[in-house]
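Take a look at the structure below.
The values are calculated or read from the model by the stated rules, or taken from the named source; none is laboratory data. Model, not experiment: these values are computed from the prediction. As a convention, Cβ positions derive from the backbone with ideal geometry for all residues, glycine included, and neighbour counts pool all protein chains shown.
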Amino acid sequence: MGRRRGYLIAVEGVDGAGKTTQARLLVRKLERMGVKAVYTCEPSDSPVGRLVRRHLRKNLGLSEESVALLFAADRLEHLKNFIYPGLARGLTIVSDRYIHSSIAYQSAATGRREWVEAINSLAPEPDLSIFIDLPVETSLGRIGMKKVELYERRRFLNAVRMEYLRLVRGGRMVRVDGRGSRSEIAERIIKVVMRRMR
């Protein structure tokens, strides 16, 4: 495949952490600084990604293991069709979710972290992975969960957050405090990015 010339940044966090907003703001900030940057997200628009989106919207009754495999397959398609070509052209690609989302969410869902790592092993680590850390209570307030779903979701998202923090401790991600205004969080993120891209 050859040496990548671009730069891959992943923006990660639990549901409601503001990933999409911050990933888009980061692209705009980088462009204003003269960096050729593009936004992308997971699941992608590939046929596999569309199936994942449909499952997330309607719950198609798939097992957690099947969902984990679909996310991994979608990522490989996304790498082949969008990320690798963009990196080869020297672009900075900002991805709203990437490999660490799979590791955090699917490890929490299946309880099989080593297996989740193994099925995602063909996807390279990003050059920089940012974890927007937000208390689960705050994220639940942002996404407006129904009371019936709240207890289970809180437990699950706490497990996901613990998986992300494990990745931070292992040096695979950089933690950014997700509390405060959009602009405060964006400022924290751009500082991390500029330190790493120098």
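Things to note:
- For segment 6-28, a residue qualifies if it is hydroxyl-bearing (Ser, Thr, Tyr) and either in contact with a helix residue (DSSP H, G or I) (Cβ under 8 Å, 6 or more places away or on another chain) or not in a helix (DSSP H, G or I) (or both), and the qualifying residues are 7, 21.
- Residue satisfying all of: in segment 1-54; under 15 Å from the mean Cα position of the chain (by Cα) and at positive phi; surrounded by the most Cβ atoms within 10 Å (Cβ to Cβ) among these: 13
- Residue count for segment 30-82, restricted to those that are in contact with a strand residue (DSSP E or B) (Cβ under 7 Å, 6 or more places away or on another chain) and closer than 23 Å to residue 118 by Cα: 3
- In segment 164-181, residue surrounded by the most Cβ atoms within 10 Å (Cβ to Cβ) [restricted to those that are part of a helix (DSSP H, G or I) and either within 13 Å of the chain's Cα centre (by Cα) or at pLDDT below 95 (or both)]: 164
- Boolean, residue 7 is among the aromatic types (Phe, Trp, Tyr), touching a Lys or Arg at 6+ places or on another chain (Cβ under 6 Å) and within 28 Å of residue 181 (Cβ to Cβ): no
- Answer residue from segment 75-125, given it is in a helix (DSSP H, G or I) and touching a Leu at 6+ places or on another chain (Cβ under 8 Å) and is surrounded by the most Cβ atoms within 10 Å (Cβ to Cβ) among those: 104
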